[in-house]
Amino acid sequence: MRHEEPETWRIKQEEQVEYIEEENEEPNHQEKQHACDQCGKMFLWASLLKKHLKVHAKKKPHSCHLCGESFLHLQSLKEHLQIKHTGVREYVCSECEKTFSSPSSLKLHERIHTGEKPYKCSHCDKRFSRLAHLKTHERIHTGEKPYKCSHCDKRFSDSTHLKRHERIHTGEKPYKCSNCDKRFSVSSSLKKHERIHTGEKPYKCSHCVWRFSHPSNLKKHERIHTGEKPYKCSHCDKRFSRLTHLKKHERIHTGEKPYTCSNCDKRFSQSSNLKKHERIHTGEKPYNCSHCDKRFSDFSSLKKHERLHTGEKPYKCSHCDKRFSRLAHLKTHERIHTGEKPYKCSHCDKRFSDSTHLKTHERIHTGEKPYKCSHCDKRFSVSSSLKTHERIHTGEKPYKCSHCDKRFRQKIELKTHERIHTG
C-alpha cells in the first residue's frame with residue numbers, strides 16, 4: 001500500500017526515469033537487472049523500464065464509458081472499444097472522445113467541432129449541420145405543419161413543439177427541480193427556474209453591466225439600448241419593445257377586459273390593475289412614504305406621491321420643454337402636439353386624447369352620476385362639479401381677487417370679477 005502524496009510519488013517516478021537515463025543500457029549477461037519499485041516487474045533494458053514507469057507516473061486520461069477501463073493513449077481506447085465492445089459503440093470522436101454506434105452518427109457529431117453546415121435553405125441564406133434541422137426550418141417558409149395534436153386541431157411544424165403542446169392536455173410535467181418539488185413540462189422552463197436557486201445569470205448585456213438568467217429577458221432589456229420596437233399594433237401605428245406591452249395597448253382598441261375581481265363584478269384589461277383594485281376590498285396598503293406617514297396600495301402610487309416631496313419631474317416632452325412627474329401626464333400632454341385621440345366613445349363617434357375625458361363624456365350617454373354630495377342628495381357625473389357644489393354647504397371660497405379682498409367659490413366667478421379691475 002502506497003502512502004505518499006500523488007505529487008510526491010510523481011516526482012519520485014520522474015527522478016527514477018532521469019537516473020535510468022544515465023545508466024549504461026548494455027545488457028549484463030542477458031539478465032533482467034532493472035526492477036520497477038512500484039510493482040516489482042523486472043526489465044532487461046533501462047529503456048523498457050523507463051517506458052513501463054510511465055504507466056505508474058501518468059494518469060490514464062482515456063476512460064471507457066462502457067466498462068470503466070482506463071487507457072494512457074487514445075488509440076488504446078479505440079482498439080479496446082473495437083475488440084471488447086464491437087457492435088455497441090465503436091466510433092470515437094477524435095476531438096472529445098465521444099463514442100457512437102455508427103459512422104453517420106459520428107459524422108453528424110463532428111460537425112459541432114468543424115462548424116460544417118452542408119445543408120442550405122432554398123428560400124434564404126441560412127445553413128444547417130443536419131438535414132432534419134433544415135427541413136424544420138424550411139417549414140417557416142412553406143407554412144407546412146405536418147404534426148397534428150391528438151387532443152385538439154392544433155398543428156405544428158416540428159415534433160418537439162407537438163410534444164410540448166400535448167403536455168397541456170395530459171398535464172405531464174416530466175422535468176423536476178433538484179432543489180425543490182416543482183415540476184415542468186418543458187426542459188427550458190426547468191433550467192430557467194433552477195437559476196432562482198443557483199442565482200446564475202449567464203446572459204450579459206453588451207451595452208451595460210446588467211446580467212440575466214434567461215436570454216429572452218436579455219433581449220427585452222437590450223431593446224432599451226437599441227430602441228428596437230418589433231411589435232406593431234394592428235389598429236394603429238404604435239410600436240412596442242415587448243409583446244406584453246402590445247397586448248395591453250390593443251385592449252384599448254378592443255375593449256377586452258379579461259381580469260375579473262373575485263369580490264365584485266369589475267373587470268380589468270391588466271392584471272396589475274386588478275391587483276390594485278382588490279386592495280380596495282382588503283384595505284391592504286403595503287407601500288409606505290419615506291417622507292410622511294401616508295401609505296399606498298400600489299408601488300406606482302407611492303412613487304407618484306413621493307415626487308410631491310422631492311419635486312422630481314423625470315418625464316420631459318419631446319416637442320417642448322415641459323416636464324412632468326407622471327408618465328401618464330406626459331403622454332396626455334404630448335397628444336396636444338400630435339393631435340392623437342386614441343379613446344373612442346362606444347356610443348358616438350367622438351374621440352378623446354385621454355381616458356378620463358372619455359369616461360366623463362360617456363356619462364352623458366349613460367346618465368351615470370357616481371359622485372354624491374355628503375350634505376344633500378344631489379349627484380354629479382364629474383368630481384370637480386361635486387367639489388364646486390359642496391362649497392355651497394361649506395361656504396368655502398378658495399379663489400381670492402389679486403386686486404381686492406373679495407373671494408369666490410368658482411374660478412370662473414373670480415375671472416369675471418377681475419375684469420372690473422383690469423377693464
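Applying the criteria of a DSSP loop state and at most 15 other Cβ atoms within 10 Å to the GluC sites (Glu not before Pro) of the range 256-347 yields Glu256, Glu284, Glu312, Glu340.
Rounded, prolate or oblate, given the Cα gyration tensor of the range 276-332, with a/c below 1.5 counting as rounded? Taking the square roots of the gyration eigenvalues as a ≥ b ≥ c, the range 276-332 is oblate.
Estimated purely from DSSP H runs of n ≥ 4, each contributing -39500 (n - 2.57), the mean residue ellipticity at 222 nm for the chain is -13500 deg cm²/dmol once divided by its residues.
What angle, in degrees between 0 and 90 and rounded to the nearest 10, separates the Cα long axis of helix 159-170 from the longest principal axis of the Cα atoms of the chain? Between the helix axis and the principal axis of the chain, the angle is about 60 degrees. Distance between the modelled labels on His403 and Thr244, one decimal in nanometres: 5.7 nm (7 Å Cα→Cβ projection).
Distance between the pseudo-spin-label points of Arg164 and Lys359 (7 Å out from Cα toward the beta carbon): 4.0 nm. Across all Cα atoms of the range 371-422, the radius of gyration (one decimal) and Dmax (whole number) stand at 13.0, 40 Å.
Calculated FRET efficiency, Thr136 and Ser102, Cβ-Cβ r, R0 35 Å, to nearest 0.05? Let's see the in-between values first.
Numbers: r = 22 Å, r/R0 = 0.63.
Computed FRET efficiency for Thr136 and Ser102 comes out at 0.95.
Rg/Rh, computed from the Cα trace of the chain with Rh as the Kirkwood radius, has the value 1.22. The Cα atoms of the range 90-243 give a gyration tensor whose axes a ≥ b ≥ c have a/c under 1.5, which makes the shape rounded.
Charge dipole of the chain (Cα centre as origin; +1 on each Lys and Arg Cβ, -1 on each Asp and Glu Cβ, all else neutral): 4020 debye, rounded to the nearest 20. When the Gaussian network model of the chain links Cα atoms closer than 10 Å, the mean-square fluctuations of Arg267, Arg164, Arg391 top out at Arg391. Hey, with R₀ at 41 Å, roughly what FRET efficiency would Thr366 and Cys292 work out to, going by the Cβ-Cβ distance, to 0.05? Working from the Cβ atoms, E equals 0.60. The angle separating the long axis of helix 74-84 from the principal Cα axis of greatest extent in the chain is about 80 degrees. If you plug the beta carbon distance of Lys341 and Cys93 into 1/(1 + (r/R0)^6) with R0 = 51 Å, you get a FRET efficiency near 0.20.
Here the Karplus relation 6.51 cos²θ - 1.76 cosθ + 1.60, evaluated at θ = phi - 60°, turns the backbone of the range 279-287 into coupling constants of 6, 5, 6, 7, x, 5, 9, x, 9 Hz, with x for every Gly and Pro.
Relative to the current alpha-carbon distance between His151 and Thr226, full extension at 0.36 nm per residue lengthens the span by 22.8 nm. Look at where the Cα atoms of the range 226-287 and of the range 85-153 average out, and the two centres are 42 Å apart. Considering only Ile168, Ile412, Ile252, the mean-square fluctuation computed in a Gaussian network model of the chain, springs between alpha carbons under 10 angstrom, is largest for Ile412. For the chain, with a Gaussian network of springs between Cα atoms less than 10 Å apart, report the residue from Lys303, Lys387, Lys50 with the top mean-square fluctuation. Looking only at Lys303, Lys387, Lys50, the biggest GNM fluctuation is shown by Lys50.
In straight-distance terms, cross-link reach from Lys400 covers every one of the lysines whose alpha-carbon lies under 16 Å from its own, apart from those fewer than eight places away in the same chain; here that gives Lys411, Lys415. Each of Cys289, Phe43, His329 was placed along the dipole of the chain (beta-carbon charges, centred on the mean Cα), and the one lying farthest toward the positive end is His329.
Once the Kirkwood radius over Cα pairs is known for the range 217-300, the Stokes-Einstein relation at 20 °C and 1.002 mPa s delivers a diffusion coefficient of 140 µm²/s. The residue among Ser300, Cys236, Gly311 whose Cα reaches farthest toward the positive pole of the charge dipole of the range 215-313, with charges on the beta-carbon of Lys, Arg, Asp and Glu, is Cys236.
We did not get these values from a lab; they are worked out from the coordinates using the rules stated. Values in this document were obtained by computation on a predicted structure and should not be read as measured data. Glycine also receives a Cβ, built like all others from the backbone with ideal geometry; neighbour counts cover every protein chain displayed.
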